[in-house]
Amino acid sequence: MAAPDKPSKLVKGASGDWEVVIGMEVHAQVASHAKLFSGASTEFGGAPNAHVSLVDAAMPGMLPVINAECVRQAVRTGLGLNAKINFKSVFDRKNYFYPDLPQGYQISQYKSPVVGEGEVAVDMPHGETIKIGIERLHLEQDAGKLLHDRHPSMSYVDLNRSGVALMEIVSKPDLRSSDEAKAYMSKLRTIMRYLGTCDGDMEKGSLRADVNVSVRRPGAPLGTRCEIKNVNSIRFVGQAVDYEVRRQIKILEDGGKIEQETRLFDSDKGETRAMRNKEEAHDYRYFPDPDLLPLEFDAAYVEYLKSGLPELPDEKKVRFTRDFGLSAYDADVLVSERALADYFEAVAKGRDAKAAANWVINELTGRLNKEGKDFAASPVSTAQLGAVLDLIGEGVISGKIAKDVFEIVWNEGGDPRAIVEARGLKQVTDVGAIEKMVDDIIAKNPDKVEQAKANEKLLGWFVGQVMKASGGKANPQTVNELLKKKLKA
Amino acid sequence: MTALTSLTLAEARAGFAKKQFSAAELTEAHLAAIEGARSLNAFVLETPERALEMAKASDARIATGTAGPLEGIPLAIKDMFCTAGVRTAACSRILHNFVPTYESTVTANLWRDGAVLLGKTNNDEFAMGSSNETSHCGPVTSPWRRKGSNTPISPGGSSGGSAAAVAAQLCLGATGTDTGGSIRQPAAFTGTVGIKPTYGRCSRWGIVAFASSLDQAGPFARSVRDAALLLGSMAGHDQKDTTSVDRPVPDYAAAAGRSIKGMRIGIPKEYRIDGMPAEIEKLWEQGRAWLKAAGAEMVEVSLPHTKYALPAYYIVAPAEASSNLARYDGVRYGLRVPGRDISALYEKTRAEGFGPEVRRRIMIGTYVLSAGYFDAYYVRAQKVRTLIKKDFEDAFAGGVHAMLTPATPSAAFGIGEKSGGDPVEMYLNDVFTVTVNMAGLPGISVPAGLDAHGLPLGLQLIGRPFDEETLFSLGQVIEYAAGRFQPEKWW
C-alpha cells in the first residue's frame, strides 16, 4: 500500500495560508483502586456519595495521605513518555470555592511536578512520524460532580469522584492540525493502556483534554490562544479544533483580534463558545500543602519501575515489522491495543504471520467491533484461531470454509479440527470425485458450455456451480484446472 | 470530695490501687467541681453521662487488673479535638452543631489508655487568639485574681478553657493545641504546666486545623510529671498524619526527676526585649539560678532572627488558616445561611459563621497568598522561618542541651484589657513562644513564681527536636525549686 501524499498542514483562509498551533493538557484518571489521598474506592458508578471518605468530604481535622500506587503509576507513565522523572516534587493547594470542591482547594502540583520534560512519537496515517514534546506530568485531585436537574431550586453534589487521582499531561505547543491533536491524544491513550496506568475510557470520563488553539501566518510569532476546556473524546478534540481554527481565522481575516479566553465545546452543535463571565483574574493562591511532605523517591525506585515496564507500542511496532515482515500499516493496527498485539502474537507464533495478521485484523477485529466486544472477551481463543489457520495451511479446508468454521467457533465454541471432521467440511481433493461433479454440471448446461468456449470469463460461473454442488468443500484449484481442461476440449 | 480533685495522676493511680476510691467517685468529684465552676466558662460542653460510663468501665478494668496507664483519670478536652458523638465546634458559630463521627488520634490514644472524658473546653475561635476572648462561647475567666481585686482575669489562649480547668481543679489534666503559644502562654497565665512537643510528635489527625505546619497537640497538668505521663499517651506515630514521625515514645515520666548535672542551658540574648517588666527579668534570673544550683551550666546564645519571628508567624499562620478554613462553606456541615445563589450562600455563611478575629486572619492569609504579594510576603516569611530554624540548629550544634526563656512578656491581663484596640498588642503576647513553633521544636512552660499582684508567671524551656525528655528533667528542677501554685477558690 503506497502512502498517500503528505498533506499540507496549513489551513487556507480567504487571504492566504494559516498555521495552526495546538498544545494540549490531557487529564488522565490514574488506574488505582483508591483515591489519591484517601482510601475511598475509585470504582465507577455506584450510588451518589457511596465512595466518599471523611477526607474526600473535607471533614474537620482530616488529613491527606498520599497513595503510593498513584505515584507509581505517574512515574511509570512518565517513563512511557520518555520523560525526566523528578526525585523530589511538591504538592500545592490550588484555592477556589466551588461546591464540587469540598476542601476549598484542589491538591495539585504547581511548581515541582513529579514528571518533567519528555517526548512522544506519533505516527500519522500518511506515513510521517511527528515528535510531540511533553512539558510535564503532574498528579492532582479530581473534583466531585454537581447535579442540577434533580431539584427545582437546588443542586445536588456527588463526591464519588472527589479526590480521584488524575495525571495532567501537558504537551508543548507542537501540534499543527486537528489530525495531529487527535493522533497525539490517541497515542497517549495507547501508551497509558499498555502501561495500565489509565483505562482510557472516555465514556467514564477517564480521559479529558483542555486544548489550547491559536493560528498564525506561517513563520510569524505565536498568535493569541484560546483554551477549550474539558473535551471528552478524541473525535470531539478534532471537531473542536477545526471549529476553533475557522473561528479564529475568520476573526483575524475580518480585521479582528483574538481574545485570550476559556471556551467550551458544545458537542451537540459542534461549536466552541466562551464560558460565561468566568472570573477574569482568578487567583488560585497556590502554596505548598503543609499537610503533605514533599514527595521523594530515589533512582533505584525509578530503575525498578523501569525494569518492570511492558514493551511499549513503538518498540513493538519495530519488532512486528522486523520479525514478522508485516507492513507498517498492519503493525500500526496491531500495536494500537496491547491485547490485540498479544492476541496476534499468540496466533502468529509458528505460523504464517501475514495470514495471522490478516485474520486478526479483518475477521476477528471486524467481528468484535460489530458486536462491541474487546479482545479480552473474544469468543474465539488464540488456540482456536490458530487451529483454523493450521487447517488452511494443511490444505484441509479452503479459505471460504475457514470463514464458516470461524463462524461456528464464534457461536458454538469447540475445536476447529474436530468441527471440520464432524461436519464433513474437509476439502475434497479427490480428483475423481471432483471430476464427477464437473462432468455433471457440464452435462446439465450444454448452452453455457457453448458460450464458455467463446468467452473464457464464463469459467467462473462453472467454478461457482461446482463449489456449490460440493458444499464449498471442493479444492478450488482442482476444480479450476479440471474445468479449464474440459471446457477447452 | 474536694481532696479528690487536688490529686496528681500518680496519687490518683495509687488511690485506685489501694481501693481508697473508685474511678467513678473520682469522676463524680470532678463533675461536681465543674458544675460549681460554671461561672468560669471553662467548659463549653459537659459530658457527665459519658464520663460516668467511662469511669465505670475503668473500675471494671481496674478490678480485673487490666488497667491502662491513665485508667480512670478524668480529663478535659479542648474543643479543637474531634470527639466521636460529642459536639466539636472549635468554639465557632460555623461549627455550632457539628458532631463528628470520628475520634481524633490523640484523644483516641488517651481513651485507649483508660482516661475519662469530662467534657470539651473553651478556646479562642479556631484557636486564633491569646486571651480566649475570640471564642463564640464567650471568654473564660481565670481562677486567678489579682490580690484584692475582683477584676476578671484572662487565662490566656487559645487553650484558655483547658488551662483554667486544670488550674481550678476541675480535671486532673487537659489537652491543648499550640500553634504559636496556645498551650504555653495559658499555662504560664494559670500556674499550670503545659508542653508543646516537637512538630510531628503527636498526630494532628482529627484536630480541627488552624495552621497545619505549626499546629501541635500537648497536655496541661498541675505538675511536670503529670504532663509527662499525659504526653506519653498522646504522642506516637500515626499513618493517617504523614507529618507525624515514626519514632518510639520514650518514658517521659522517668525523665522528670532525672539529674541535669552538666547540662548546658542556652540563654538567648535576643529574648531580653525592650520594655520587659523587671519582674519577668527577675524570674528569668531566678530560673537560671535554680538550674545552676542543680548542676547545669548557663551559656549565652544568640538567635539573631528572633525579632522577625512574630511578623513571619503572622504571615505563615494566617496563610495556612485561610486555606484550611475554606472547607467551612455551608455546603456539607455546620452553619448554612441561605443566599440567592452559591456565592451569596458562601458569603453569608462565612460572614455570620466566623467571628472578627478569624475573619481578619482569613483576610490577611488570602492577601499574603495572592498573586503579586506571594513572593513579598509568604515566600519571604518562609525564608525567615528557615533562618529561625537555623538559629536554633546552630545554637544546639554548639553543645547546648536546651534553652531557658520567659514564657510570656507579662503576667495575665484582665478580660477586655487588650482586646479593644490594636490586634498587634495581643499578638505580641506570643513573642517568646512563636519562634518555637516556627522551628518545630518542643517547648514547655513551667510555673516559676507570682508577680506583684499575685498572678502566676512561667518559664519556658526549649528543647532539641524530639528531646522532650530533657525538658521534663529541667522542668522538674524548676518545679521542685519554685513549688506548685494553686489559686484560692472564689467561684
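Placing unit charges on the Cβ atoms only, positive for Lys and Arg and negative for Asp and Glu, gives region A:431-487 a dipole magnitude near 80 debye about its Cα centre. For region B:276-288, the Karplus equation 6.51 cos²θ - 1.76 cosθ + 1.60, evaluated at θ = phi - 60°, returns couplings of 6, x, 4, 6, 6, 4, 5, 4, 4, 4, 4, x, 4 Hz by residue, with Gly and Pro reported as x.
For residue A:371, the accessible area of its heavy atoms, probed at 1.4 Å with every protein chain present, is near 80 square angstrom. For the pairing of chain B with chain A, what total accessible surface becomes buried, with a 1.4 angstrom probe, in square angstrom to the nearest 100? Rounded to the nearest hundred, the buried surface is 2800 Å².
Ignoring ligands, DNA and RNA, please state the percent of accessible area on region B:162-273 from carbon and sulfur, probe 1.4 Å. That share works out to 49 percent. Computed from backbone phi, the HN-Hα couplings of region A:38-43 come to 9, x, 5, 5, 9, 4 Hz, rounded to whole numbers (Karplus: 6.51 cos²θ - 1.76 cosθ + 1.60, θ = phi - 60°; Gly and Pro given as x). So which aspartates and glutamates can residue A:9 reach, going by Cα to Cα under 13 Å and dropping same-chain residues fewer than 8 places off? The qualifying aspartates and glutamates are A:17, A:19, A:128, A:174, A:179, A:180, A:242. From most to least packed by mean Cβ count within 10 Å, the peptides A:156-166, B:334-344 give A:156-166, B:334-344.
Accessible surface for the protein assembly as shown, divided over its residues, is 41 Å² per residue with a 1.4 Å probe. Proximity of backbone amide H atoms, modeled 1.01 Å from N, is registered between residue A:85 and A:116 at under 5 Å, excluding neighbours fewer than 5 places apart on the same chain.
Distant-in-sequence amide contacts of residue B:176, defined by a placed amide H-H separation under 5 Å and a gap of 5 or more residues or a different chain, comprise B:218, B:220.
Of the accessible area of region B:279-417, computed with a 1.4 Å probe over protein heavy atoms only, carbon and sulfur atoms account for 55 percent.
Over chain A, what is the relative contact order in whole percent, taking alpha-carbon pairs under 8 Å and six or more residues apart?
14 percent
Between 0 and 90 degrees, rounded to the nearest ten: what's the tilt of helix A:399-412 against the longest Cα principal axis of chain A? Helix A:399-412 and the main axis of chain A meet at about 50 degrees.
Mean per-residue shielding of peptide B:201-214 is 3, counting Cβ atoms of other chains within 10 Å of each Cβ. Over the C-alpha trace of region A:291-349, radius of gyration and Dmax come out as 16.9, 55 angstrom. A loss of 30 Å² or more of accessible area (1.4 Å probe, protein heavy atoms, ligands and nucleic acids excluded) relative to the isolated chain is seen in these residues of region A:42-77: A:54, A:58, A:59, A:60, A:61, A:62, A:63, A:65.
Shape call for region A:8-74 from the C-alpha gyration tensor, a ≥ b ≥ c root eigenvalues: rounded (a/c under 1.5), prolate (a/b greater than b/c) or oblate? Taking the square roots of the gyration eigenvalues as a ≥ b ≥ c, region A:8-74 is prolate. Which entries of B:261/B:390; A:349/A:457; A:317/A:426; B:120/B:418; B:120/B:261 show an alpha-carbon separation above 32 angstrom in the structure shown? Where the Cα-Cα span goes over 32 Å, the pairs concerned are A:349/A:457; A:317/A:426; B:120/B:261. Ranking B:437, B:485, B:466 by Cα position along the charge dipole of region B:355-491, where only Lys, Arg, Asp and Glu carry charges on their C-beta atoms, puts B:437 farthest toward the positive end. In peptide B:326-339, how many Cβ atoms from other protein chains are near each Cβ within 10 Å, on average? Mean shielding count: 4. Rolling a 1.4 Å probe over the protein heavy atoms of chain A, with every protein chain left in place, gives an accessible area that is 50 percent carbon and sulfur. Excluding same-chain neighbours fewer than eight residues apart, the lysines reachable from residue B:240 by a Cα-Cα span under 20 Å are A:35. Centre-to-centre separation between the Cα atoms of region A:429-474 and those of region A:202-222: 62 Å.
I want the local charge near residue B:347. Using Cβ-Cβ distances under 14 Å, sum +1 for each Lys or Arg and -1 for each Asp or Glu among the other residues.
Combined, the nearby Lys, Arg, Asp and Glu give +2.
For residue A:175, the residues whose amide H sits under 5 Å from its own are A:22, ignoring neighbours fewer than 5 places away on the same chain, with H placed 1.01 Å from N. With unit charges on the beta carbons (Lys and Arg positive, Asp and Glu negative) and the dipole taken about the Cα centre of the protein assembly as shown, which residue among B:157, A:299, B:168 sits farthest to the positive side? Ranked along the dipole, the leading option is A:299. For chain A, the longest principal axis of the Cα atoms and the long axis of helix A:382-393 meet at an angle of about 30 degrees. Of all DSSP beta bridges confined to the protein assembly as shown, the antiparallel ones make up roughly 80%. When B:258, A:216, B:184, A:235 are compared by accessible area at a 1.4 angstrom probe, the order from most to least is A:235, B:258, A:216, B:184.
Relative contact order for chain B: 18 percent, from Cα pairs under 8 Å spaced at least 6 residues apart, divided by residue count. When you work out D = kT/(6 pi eta Rh) for the protein assembly as shown at 25 °C and 0.890 mPa s, using the Kirkwood radius from C-alpha pairs as Rh and the Stokes-Einstein form, the result is 74 µm²/s. Measuring between their Cα centroids, region B:162-210 and region A:30-76 lie 33 Å from each other. Projecting the Cα atoms of B:43, B:193, B:101 onto the charge dipole of chain B, computed from C-beta unit charges around the Cα centre, puts B:101 farthest toward the positive end. Straight Cα distances below 19 angstrom link residue B:292 to the aspartates and glutamates B:281, B:300, B:469, B:479, with same-chain residues fewer than 8 positions distant left out. The 1.4 Å probe gives accessible areas that order A:435, A:412, largest first, as A:412, A:435. Each semi-axis of the equivalent ellipsoid for region A:431-487 is √(5λ) with λ an eigenvalue of the Cα gyration tensor; in descending order they amount to 17, 11, 10 Å. Reported to the nearest whole Å, the Cα centre-to-centre distance from region B:249-318 to region B:417-491 is 10. Computed with every protein chain present, the accessible area of residue A:382 is close to 50 Å² [probe 1.4 Å].
The values are calculated or read from the model by the stated rules, or taken from the named source; none is laboratory data. Treat the numbers as computed from the prediction; the structure is a model and nothing was measured. All Cβ positions, even for glycine, are placed from backbone atoms using ideal geometry, and neighbour counts span all protein chains on display. The protein model used for the area step is the full one, side chains on, heavy atoms only, and it has no ligands, DNA or RNA in it. Shrake-Rupley method; radii C 1.70, N 1.55, O 1.52, S 1.80 Å.
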